[in-house]
Amino acid sequence: MTVADVMTTKVVSVTAATPFKDIAEALITGGISAVPVLDDDNHVLGMVSEADLLRKEEFREEFYREGYRPPLRARLRHPKGRKKAAGDTAAGLMTSPAVTISPEASAVSAARLMDAHDVKRLAVVDRSGRLQGIVSRRDLVKLFLRGDEEIATEVRDDVLDRSLWVDTDGVQVDVRQGVVTLSGWMERRTETGIAARMTSRVNGVVDVVDKLTWKTDDSRWEAK
């Protein structure tokens, strides 16, 4: 499944000149946690999140006069915190450049990119850098909402019948709450391992329980 399959295409956005309070209102009204900042040609310049707006409170000068300093962890994680606290428009508040991804990229790639950059959402852009949508952690979590029967059908049709060029007539598939149990038999031991691994890659699969048996243990041949 690709980013295009799960992303949100109706995106609330702002420009670099959008005032602080208008950004806050857009976040609250839209029920979202961040907005992309776009230029006149729909190119993504950056992202403004709730956390960026909260720097205004966290790094207020009045707290410094009272002897307060943000925790070292906050200062290390947000070295530009005080600069953002002084921002009055999206241009001064945004994180730039934004972390972006292609709509053709896999949903797995999106999850890994979010984790690598410690962000909750990605701007989805075309090859010219123009906004196509937003993909969030919540969008990716929706992958696990696929019904058990839908998952079972894909495992049977796409994995067992089409992808594996071996006899799978002896394999039974049972799915409950996203957990796939493979039981029955296959000709070779190595084939059962391949079947389990390919099943685990099906969208919506929470876990795979491998109860498959085999007629021939060819794993020792591969070791040699």
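Residues whose amide H comes within less than 5 Å of that of residue 38, counting only those at least five positions distant or on another chain, are 14, 15, 16, 45 (H built at 1.01 Å from N in the peptide plane). Spin-label model, residue 166 to residue 219: label points 7 Å out along the Cα-to-beta-carbon direction sit 1.2 nm apart. Accessible surface for the range 122-215, divided over its residues, is 58 Å² per residue with a 1.4 Å probe. If R0 is 45 Å, the Cβ-Cβ spacing of residue 177 and residue 88 corresponds to a FRET efficiency of close to 0.35. Rounded, prolate or oblate: which fits the range 123-182, taking a ≥ b ≥ c as square roots of the Cα gyration tensor eigenvalues, rounded meaning a/c under 1.5, else prolate when a/b beats b/c? Taking the square roots of the gyration eigenvalues as a ≥ b ≥ c, the range 123-182 is oblate.
The fraction of accessible area contributed by carbon and sulfur in the range 98-224 is 48 percent, rounded to a whole number (1.4 Å probe; ligands and nucleic acids excluded). Under the simplified labelling scheme, the residue 10-residue 106 pair shows an inter-label distance of 3.1 nm, with each label point 7 Å from Cα along Cα→Cβ.
Classify the range 76-197 as rounded, prolate or oblate from the Cα gyration tensor: take a ≥ b ≥ c as the square roots of its eigenvalues, call it rounded if a/c is under 1.5, otherwise prolate when a/b beats b/c and oblate if not. The shape class here is prolate.
The values are calculated or read from the model by the stated rules, or taken from the named source; none is laboratory data. Because the structure is a prediction, the values reported are computed rather than measured. A quick note on method: Cβ atoms are made from the backbone with ideal geometry, for glycine too, and the neighbour counts reach across all protein chains shown. Calculation scope for accessible area: heavy atoms of the full protein, side chains included, ligands and nucleic acids excluded. Shrake-Rupley method; radii C 1.70, N 1.55, O 1.52, S 1.80 Å.
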